[in-house]
Amino acid sequence: METAIRDLFNQNILETALYRYRIPLSDARILDGFESFIYNVQRDGCDYILRIGHSSRRSADLIQGEAEFINHLRGGGLSVPKVLASSNHLLVEAVEAGDGTFFLATLFEKAPGHPPRDGDWNSALFQSMGQFMGRLHTLSKVFQPSLPRYQRFSITEDFDAMEKAGRKFLPDHDQPVLKAYQDTVAAIQQLPQDSDSYGLCHIDFHGGNFFITDEGVITLFDFDDCQYAWFVYDIAMALFYAISHDCTSAAELQKARAFLSAFWSEYVAEHNLAPSWLENIPLFLRLREIDLYMLIYRSMDLDHLDPWCASYMSGRREKIINGVPYCALDYGSIADRACLN
């Protein structure tokens with residue numbers, strides 16, 4: 001989140017948003033949020049999640065589209081948190097800020113279960129993740145927002161926004177990183193699109209964005225980045241966050257192979273994506289690698305990074321410029337083995 005947005009937010013905006021959902025201020029507790037202000041709130045003895053983001057990031061129409069997509073997935077049997085209406089019967093509430101812009105509030109059911117623990121990261125979870133994503137992609141192909149203006153943005157618009165962020169926030173000596181981003185985008189834009197390969201994706205499927213019950217049921221949340229993109233991008237993002245960001249040793253590569261093999265084996269049972277698409281994963285891993293590099297420059301104090309980000313940024317510039325693969329697997333063989341099983 002940009003510093004200017006943090007400075008614009010205040011107590012009155014929070015209280016107004018809470019009032020519209022009939023939630024007392026005393027029952028709101030702030031949680032970690034990267035792009036929005038996130039609160040755990042209580043109403044009638046039940047826990048919910050209130051998200052408040054700025055209109056400069058997502059318009060009210062885009063958030064309405066996100067809410068309708070989430071409720072569509074829930075209606076199709078996926079475990080996602082329902083988006084709840086305000087006392088004004090709205091899925092998105094706009095609260096004016098002091099400069100005439102708006103903060104936009106959305107209330108979600110709280111996901112059951114808990115964040116995945118170290119012991120949960122096993123083949124059964126990887127298969128469940130693949131099954132979940134495959135079902136999500138199948139359901140996304142029949143989703144239509146209630147009005148055309150609520151349609152979510154495409155990855156092309158994300159490309160443009162990220163390039164602008166790179167130009168604005170990267171230091172002058174990082175122009176080779178920006179060039180690497182442009183080259184990666186150009187290569188991705190040459191990929192074919194059809195209804196089985198391209199559609200509305202979650203884009204951020206990782207352990208920080210889903211809970212799991214003791215019975216192994218996944219509930220996925222945080223659809224803020226959902227966009228029309230290649231389905232393999234969703235798969236690549238799940239892999240990106242499931243592996244070490246220094247995935248070069250034989251042991252780390254084996255962990256990555258085990259994750260993707262289990263994930264893919266159940267994904268294809270739910271969604272018809274040609275196995276050859278897995279060979280494009282390195283391109284999308286590189287996209288996310290550079291995206292994250294630029295986002296850290298945009299939103300964080302480089303002198304006070306948390307341990308994960310500090311480790312990620314260590315040597316990252318050189319890896320990006322030199323084209324070092326983020327995770328050098330034989331993706332074709334993973335797809336072939338899954339087809340034989």
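On average, how much accessible surface per residue is there in region 1-76, in Å², for a 1.4 Å probe, leaving out ligands, DNA and RNA?
Details: 3730 Å² over 76 residues.
With all protein chains present, region 1-76 gives 49 Å² per residue.
Considering Cα pairs under 8 angstrom that are at least six residues apart, work out the relative contact order of region 74-227 and quote it in whole percent. All intermediate terms of the calculation are to be shown ahead of the outcome.
Numbers: 143 pairs, mean separation 49.3, N = 154.
Relative CO of region 74-227 lands at 32 percent.
Would you kindly state how much longer the chain becomes between residue 26 and residue 251 on full extension, computed as 0.36 nm times their sequence separation minus their alpha carbon distance, in nm to one decimal?
Result: 76.2 nm gained on full extension.
At 4 °C and a viscosity of 1.567 mPa s, what translational diffusion coefficient does Stokes-Einstein give for the chain, taking Rh as the Kirkwood radius over Cα pairs? Give it in µm²/s as a whole number. It would help to have the intermediate numbers written out before the result.
Details: Rh = 21.1 Å.
Estimated diffusion coefficient is 61 µm²/s.
Enter the accessible area per residue of region 87-223 (Å², integer; probe 1.4 Å; all protein chains in place).
Numbers: 6560 Å² over 137 residues.
Accessible surface, normalised per residue, equals 48 Å².
When the chain is treated as a GNM, springs tying every alpha-carbon pair under 10 Å, which of 223, 102, 169 comes out with the largest mean-square fluctuation?
Result for the chain, Cα springs under 10 Å: 169 fluctuates most.
Helix 281-299: angle to the longest alpha-carbon principal axis of the chain, degrees 0 to 90, nearest 10?
Between helix and principal axis, roughly 40 degrees.
Pick out which of 89, 114, 173 has the largest mean-square fluctuation in a Gaussian network model of the chain, springs linking Cα atoms closer than 10 Å.
173
I'd like the orientation of helix 11-20 relative to the chain: the angle between its Cα long axis and the longest Cα principal axis, in ° from 0 to 90, rounded to 10.
Roughly 80 degrees between the two axes.
Cross-chain or 8 or more residues apart, Cα under 20 Å: how many lysine pairs in the chain fit that? Count them up, please. Please list the in-between numbers first.
On the way: 82/110; 82/141; 164/179; 168/179; 179/319.
Close lysine pairs found across the chain: 5.
With the contact rule set at Cα under 8 Å and sequence spacing of 6 or more, what percent relative contact order holds for region 199-341?
27
Taking only Cα atoms and a 10 Å spring cutoff, compute GNM fluctuations for the chain and point out the largest among 295, 107, 305.
Among 295, 107, 305, the largest GNM mean-square fluctuation belongs to 305.
With the crude spin-label approximation of a point 7 Å out along Cα→Cβ, what separation in nm comes out for residue 8 versus residue 84?
2.8
Taking all protein chains in place and a 1.4 Å probe, what share, in percent, of the accessible surface of the chain do carbon and sulfur account for?
Working: 7660 of 15410 Å².
Taking all protein chains in place, the chain shows 50 percent carbon and sulfur surface.
Could you tell me the distance between the Cα centroids of region 309-329 and region 269-293, to the nearest Å?
Each part's Cα centre sits 17 Å from the other's.
Suppose accessible area is computed on protein heavy atoms with a 1.4 Å probe; arrange 164, 255 from highest to lowest. Don't skip to the end; give the middle numbers.
Values: 164 145, 255 125 Å².
Correct descending sequence by accessible area is 164, 255.
Testing the spin-label approximation: label points 7 Å from Cα along Cα→Cβ at residue 191 and residue 213. State their distance in nm.
About 3.4 nm separates the two model spin labels.
Relative to the longest principal Cα axis of the chain, at what angle does helix 175-188 sit, 0 to 90 degrees, rounded to 10?
That works out to roughly 80 degrees.
Kindly report, to the nearest 10 Å², the accessible surface of residue 308 as traced by a 1.4 Å probe over protein heavy atoms only.
Here the residue's solvent-accessible area equals roughly 110 Å².
Taking H as built 1.01 Å from N, whose amide H comes closer than 5 Å to the amide H of residue 154, not counting residues under 5 places away?
228
Which distance in nm do the two modelled labels at residue 330 and residue 149 give, with both placed 7 Å along the Cα-to-Cβ direction?
The answer from the label model is 5.4 nm.
Given the whole protein assembly as supplied and a 1.4 Å probe, what does the accessible area of residue 149 come to in Å², nearest 10?
Rounded to the nearest 10, the figure is 140 Å².
Would you tell me the accessible area of residue 270, worked out with a 1.4 angstrom probe on the heavy atoms of the protein chains, in Å² to the nearest 10?
Rounded to the nearest 10, the figure is 60 Å².
The values are calculated or read from the model by the stated rules, or taken from the named source; none is laboratory data. This is a predicted model, so every value here is computed, not measured. Glycine gets a Cβ as well: all are built from the backbone with ideal geometry, and neighbour counts include every protein chain shown. Note: accessible area is taken over every heavy atom of the protein model, side chains too, but ligands, DNA and RNA are not part of it. Shrake-Rupley method; radii C 1.70, N 1.55, O 1.52, S 1.80 Å.
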